[in-house]
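**Q** Got a structure here, written out as structure tokens. Questions coming.
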Amino acid sequence: MQCIGDSSIKTSRVHIGGGEREDNRLEFYDVENLRYPNFKDRCGKCALQNSYKMKKSSVCFLSMAVLLVLLRPLRSMECPEYMRRRYDYIIVGSGSAGTVLAARLSENPDHRVLLVEAGESDRERKETPYIDIPALYPLLVNSSVDWGYYSVPQRFSGYAFNNRQFPLPQGKVSGGTFSINRMIYQRGSRHIYDYWASSGATGWSFREILKYFRRSEDISVPELARSTYHEQCGPLRVSRLPPSPLLSLYLKGANSLGYRTINCNEGIDVGVCRIHTNIKFGERWNTLKGFIRPALGRRNLDMVTDAHVSKVLISNRRAQGIEFIHRGISFSVQTDKEVILTAGTYGSPAILIRSGIGPADQLQRLQVPPISLIPVGESLQDHPTVNIRVLLKAPTIKPHAIADQVKNNQYLFQRTGLLAELRGTEALLTLQSDPTSIIAYPDLQITFTSALGDHDPMIDFVRITPS
């Protein structure tokens with residue numbers, strides 16, 4: 001699960017500012033030198049992307065996977081034993097936000113930057129081919145690179161899931177959830193950013209942050225290359241996949257209902273659009289590859305993986321550093337400037353609470369001495385999905401097509417074919433659930449998926465059969 005569009009803006013604003021302290025509603029400074037999202041205000045309207053576990057195919061990709069790993073260079077991340085004991089900036093979490101922060105801050109050679117990740121390297125795992133090959137991303141959910149979170153049983157929702165528990169995929173690997181998600185690139189609604197700005201978050205309007213979106217982007221869609229909303233030559237590849245035969249039917253159907261065709265990344269308004277993806281040369285392309293890999297040679301940037309942060313070290317309401325566990329051994333590292341938490345929707349609140357920052361009842365229940373009593377994590381709104389399967393008589397993609405040896409070779413040697421494509425989500429229809437509402441922006445998204453596999457732990461709930 002990932003905040004759509006939010007991470008790029010958050011990182012651009014924070015790091016391009018070079019560590020300046022903005023007193024706005026998007027950040028708390030109850031503890032000096034500690035920077036983290038304002039969970040009370042920021043998460044209230046954030047659109048989140050979920051993906052669900054797909055049953056593993058019986059087809060064995062072992063030989064291809066082994067060859068792919070052998071062909072790719074492996075680079076081990078820095079071990080704690082070789083770290084400095086003091087850094088200017090300590091960044092916790094190597095997902096979309098943390099990787100961009102680390103890369104941008106370390107551009108200044110005078111800044112000593114440490115990037116800490118709880119998961120292991122994405123290059124040193126059996127799941128590495130699944131991370132890289134777009135069509136195999138469903139195999140990552142509930143694997144060892146996923147934290148494996150589930151919601152508590154729901155009373156009024158979750159009927160399509162076993163025990164009414166929603167799966168909550170979160171990446172536990174370098175690159176964070178950006179290493180296991182569906183590779184869909186979608187910015188948030190312009191209305192959300194403008195609301196932040198009108199609420200006191202100076203500089204966060206859609207018009208002001210658009211330049212940071214553009215600066216980070218390398219758009220490979222020819223007709224959008226000269227658009228005022230896109231840019232080329234940035235570190236993050238944004239692409240668009242070839243359409244399936246069903247896409248035009250979906251777009252025409254939406255148009256016939258009065259929904260105009262729009263660009264998914266012009267600020268999200270009511271309409272239908274073709275999705276953009278983070279795929280480059282037939283592989284997943286995330287901020288780890290785009291921002292961090294080119295920067296790992298910098299002498300002032302260290303990254304440690306398999307390092308689970310237990311808490312922020314705080315003294316006299318000032319963040320002094322962090323404590324983390326690496327392979328059963330406890331380490332601590334100090335900061336001269338800031339500790340920045342970018343550990344994700346669930347990770348950052350958990351670290352804050354373990355550090356004494358959070359709701360009073362939770363701190364008391366966990367017997368954590370309170371430092372700052374604030375409603376950490378209490379305004380989370382998830383983005384649940386209901387899959388409606390439509391059985392077609394028309395030709396569609398069948399699972400055995402992906403397992404075809406010819407197509408495997410096509411991907412192995414050319415990085416093309418079905419394995420290189422995110423066959424599934426092709427278009428988005430965004431609309432208002434209540435057109436009479438005072439909310440002037442879309443709050444409902446209908447996703448067109450041209451290929452849908454069997455999902456577990458989902459059970460059949462809504463199925464439409466052609467007459």
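**Q** Which residue is surrounded by the most Cβ atoms within 10 Å (Cβ to Cβ), if the candidates are limited to segment 313-331 and must be out of contact with any Phe, Trp or Tyr (no Cβ under 8 Å at 6 or more places or on another chain) and within 14 Å of Arg85 (Cβ to Cβ)?
**A** Result: Ile322.
**Q** Is it true that some residue in segment 89-109 is at pLDDT 95 or above, more than 20 Å from Ile184 (Cβ to Cβ) and charged (D, E, K, R)?
**A** Among the residues of segment 89-109, at least one is at pLDDT 95 or above, more than 20 Å from Ile184 (Cβ to Cβ) and charged (D, E, K, R), which makes the answer yes.
**Q** Continuing with the same structure: Filter segment 237-261 for residues that are free of Cβ contacts under 8 Å to residues at least 40 places away in the same chain and closer than 17 Å to Gln186 by Cβ and give the result.
**A** Within segment 237-261, Arg240, Thr261 qualify.
**Q** Now for a different question. Is it the case that Glu426 is of a type in the set (Asp, Glu), modelled with pLDDT of 75 or more and assigned to a loop (DSSP other than H, G, I, E, B)?
**A** Taking the combined requirement at face value, the residue does not satisfy it.
**Q** Give segment 129-155 a look and list any residue that's closer than 17 Å to Leu422 by Cα and in contact with a Leu (Cβ under 8 Å, 6 or more places away or on another chain), or say none.
**A** Pro129, Tyr130, Ile131, Asp132, Ile133, Pro134, Ala135, Leu136, Tyr137
**Q** Can you pull out the residues in segment 351-361 that are surrounded by 17 or more Cβ atoms within 10 Å (Cβ to Cβ) and either of a type outside the set (Val, Ile, Thr) or at pLDDT below 95 (or both)?
**A** Those that are surrounded by 17 or more Cβ atoms within 10 Å (Cβ to Cβ) and either of a type outside the set (Val, Ile, Thr) or at pLDDT below 95 (or both): Leu352, Arg354, Ser355, Gly356, Gly358, Pro359.
**Q** Which one of these does Ile292 not meet: (1) under 30 Å from Ala350 (Cβ atoms); (2) in a strand (DSSP E or B); (3) touching a helix residue (DSSP H, G or I) at 6+ places or on another chain (Cβ under 7 Å)?
**A** Every listed condition holds for Ile292 apart from (2).
**Q** Check segment 104-111 and report whether any residue there is more than 20 Å from Tyr82 (Cα to Cα), of a type outside the set (D, E, K, R) and surrounded by fewer than 21 Cβ atoms within 10 Å (Cβ to Cβ).
**A** Yes; the residues of segment 104-111 include at least one that is more than 20 Å from Tyr82 (Cα to Cα), of a type outside the set (D, E, K, R) and surrounded by fewer than 21 Cβ atoms within 10 Å (Cβ to Cβ).
**Q** When the residues of segment 161-173 are filtered to those that are part of a loop (DSSP other than H, G, I, E, B) and not polar (S, T, N, Q), which remaining residue is nearest to Pro384 (Cα to Cα)?
**A** Phe166
**Q** Just give me the residues in segment 304-334 being of a type in the set (A, V, I, L, M) and out of contact with any helix residue (DSSP H, G or I) (no Cβ under 7 Å at 6 or more places or on another chain), in sequence order.
**A** Leu313, Ile314, Ala319, Ile322, Ile325, Ile329, Val333, listed by residue number.
**Q** Would you check which residues across segment 138-149 are within 27 Å of Glu426 (Cα to Cα), out of contact with any Phe, Trp or Tyr (no Cβ under 7 Å at 6 or more places or on another chain) and either free of Cβ contacts under 8 Å to residues at least 40 places away in the same chain or in a helix (DSSP H, G or I) (or both) and list them?
**A** Within segment 138-149, Pro138, Ser143, Val145, Asp146, Gly148 meet the criteria.
**Q** Separate question: Is it the case that segment 202-219 has a residue that's over 25 Å from Arg104 (Cα atoms) and in a loop (DSSP other than H, G, I, E, B)?
**A** No: segment 202-219 contains no residue that is over 25 Å from Arg104 (Cα atoms) and in a loop (DSSP other than H, G, I, E, B).
**Q** Okay, moving on. Look at segment 318-350 and say how many of its residues are at pLDDT below 95, under 22 Å from Gln170 (Cα atoms) and either in a strand (DSSP E or B) or of a type in the set (D, E, K, R) (or both).
**A** So the count comes out to 2.
**Q** Shifting gears a bit: Any idea which residue in segment 380-415 is surrounded by the most Cβ atoms within 10 Å (Cβ to Cβ), counting only those that are at pLDDT 80 or above and touching a Phe, Trp or Tyr at 6+ places or on another chain (Cβ under 9 Å)?
**A** Looking at residues that are at pLDDT 80 or above and touching a Phe, Trp or Tyr at 6+ places or on another chain (Cβ under 9 Å), I get Arg415.
**Q** Please determine, by comparing only the residues of segment 268-289 that are surrounded by fewer than 22 Cβ atoms within 10 Å (Cβ to Cβ) and not in a strand (DSSP E or B), which one is nearest to the chain's Cα centre (by Cα).
**A** Residue satisfying both the conditions and the ranking: Ile275.
**Q** Hey, another quick one. For Pro370, are the conditions met, namely being at pLDDT 95 or above and touching an Asp or Glu at 6+ places or on another chain (Cβ under 7 Å)?
**A** no
Table: residues versus (1) closer than 28 Å to Ala295 by Cα; (2) in a helix (DSSP H, G or I); (3) under 17 Å from the mean Cα position of the chain (by Cα); (4) free of Cβ contacts under 8 Å to residues at least 60 places away in the same chain.
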site: Arg104; (1), (2), (3), (4): yes, yes, no, no
site: Asn108; (1), (2), (3), (4): yes, no, no, no
site: Arg123; (1), (2), (3), (4): yes, no, no, yes
site: Pro129; (1), (2), (3), (4): yes, yes, no, no
site: Tyr159; (1), (2), (3), (4): no, no, no, no
site: Thr177; (1), (2), (3), (4): yes, yes, yes, no
site: Arg182; (1), (2), (3), (4): yes, no, yes, no
site: Gly188; (1), (2), (3), (4): yes, no, yes, no
site: His191; (1), (2), (3), (4): no, yes, no, no
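**Q** Inspect all residues belonging to segment 141-150 and state whether any of them is in contact with a helix residue (DSSP H, G or I) (Cβ under 9 Å, 6 or more places away or on another chain) and under 22 Å from Ile388 (Cα atoms).
**A** Yes: one or more hits.
The values are calculated or read from the model by the stated rules, or taken from the named source; none is laboratory data. None of these values were measured; they are calculated from a predicted model. We place every Cβ from the backbone using ideal geometry, glycine too, and count neighbours over all the protein chains shown.
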